[in-house]
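Peer 1: This structure is in structure tokens; I'll ask about it shortly.
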Amino acid sequence: MGGGGRQFGRRLGRAILAAGAIGFAVLVYVYLTLPDIRILARTNPSSTAFMEQRDLEAATDGRSTRRVQEWVPYSGISDNLKRAVLVAEDAAFWDHDGIDITQIREAIQASWAQGIAVRGASTITQQLAKNLYLSPSRDPLRKLRELILARRLEAALPKVRIFEIYLNVIEWGDGIWGVEAAARAYFGIPASSLNAEQSALLAGAIINPRVHSPARPTARLLRRQQIILGRMRQG
């Protein structure tokens, strides 16, 4: 190798080391600035980042805001609803450690094939991390925080607790948060009494509850309901 080649190699080596150092520094910064999740083992969250984002949107538009939410324990939620949400959002929930590598790989492959970003790679744990703590932005650091928080949630909390919190804080309509509020708002019953059809309708609406309301189901929501019911019968 000539002198020019050796010089280029040294410059490339220094650039790789510098990039690695920067990447490590970013990772350490993100890790150290994340919230302490351990409190969730014994305390129900009184608010979430997503709730606060909705409040801000309403204030910006000059609208009043509301939060209808009633916390219900895991045992007080219909098994139909639990099953419907799992088959709709994260069928491998009980088996993965917060991040489903298989689903991520398949979503990336589908994105390449279709030329658009395909939804479906986020686990329930990742969705909970995002709802509790993060902004809706799509910058790489936010995604890195989401992945680290998901792993922290899995390390600090039992799966049942993660699922319980998720079902109690996700959005199910304008100002409607959690399954108990949704069951009473749309069907006039407690979450413990939801049947398979009602559960599948609620699970299908999670994708965008402000567009696909169980009170006035769109054709797309009704199709999703039937798909979810089919998956529930298979399990």
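Peer 1: Please give me the summed charge of the neighbours of D97: other residues whose Cβ is under 12 Å from its Cβ, Lys and Arg +1, Asp and Glu -1.
Peer 2: 0
Peer 1: How big is the range 128-235 by the Kirkwood estimate over distinct Cα pairs, in Å?
Peer 2: Result for the range 128-235, one decimal place: 15.1 Å.
Peer 1: In debye, nearest 20, what is the charge dipole magnitude of the range 119-235 about its Cα centre with +1 on Lys and Arg Cβ and -1 on Asp and Glu Cβ, if you could check?
Peer 2: That gives a dipole near 420 debye.
Peer 1: While we're looking at this one, here's another question. For a protection proxy built on the mean count of beta-carbon atoms within 10 angstrom, sort 168-181, 189-202 highest first, please. Before the final figure, lay out the partial values.
Peer 2: On the way: 168-181: 22.0, 189-202: 20.4.
With the highest mean Cβ count within 10 Å placed first, the list reads 168-181, 189-202.
Peer 1: Then there is this: If packing is taken as the average number of other Cβ atoms within 10 Å across a peptide's residues, how do 208-218, 58-68 rank, most packed first?
Peer 2: Those peptides, ordered most packed to least, come out 208-218, 58-68.
Peer 1: Additional query: Give the lysines whose C-alpha is closer than 19 Å to that of K159, dropping any in the same chain fewer than 8 places away, or say none.
Peer 2: Counting by Cα, and skipping residues close in sequence, K159 has these lysines nearby: K82, K130.
Peer 1: Then there's this: On average, how much accessible surface per residue is there in the range 145-235, in Å², for a 1.4 Å probe, leaving out ligands, DNA and RNA?
Peer 2: It amounts to 40 Å² per residue over the range 145-235.
Peer 1: What ranking, highest mean first, results for peptides 73-80, 47-54 when packing means the other Cβ atoms within 10 Å averaged over each residue?
Peer 2: 47-54, 73-80
The values are calculated or read from the model by the stated rules, or taken from the named source; none is laboratory data. Everything numeric here is computed off the predicted structure, so don't read it as measured data. Positions of Cβ are backbone-derived with ideal geometry, glycine not excepted, and every protein chain shown enters the neighbour counts. Heavy atoms of the whole protein, side chains included, go into the accessibility calculation; ligands, DNA and RNA do not. Shrake-Rupley method; radii C 1.70, N 1.55, O 1.52, S 1.80 Å.
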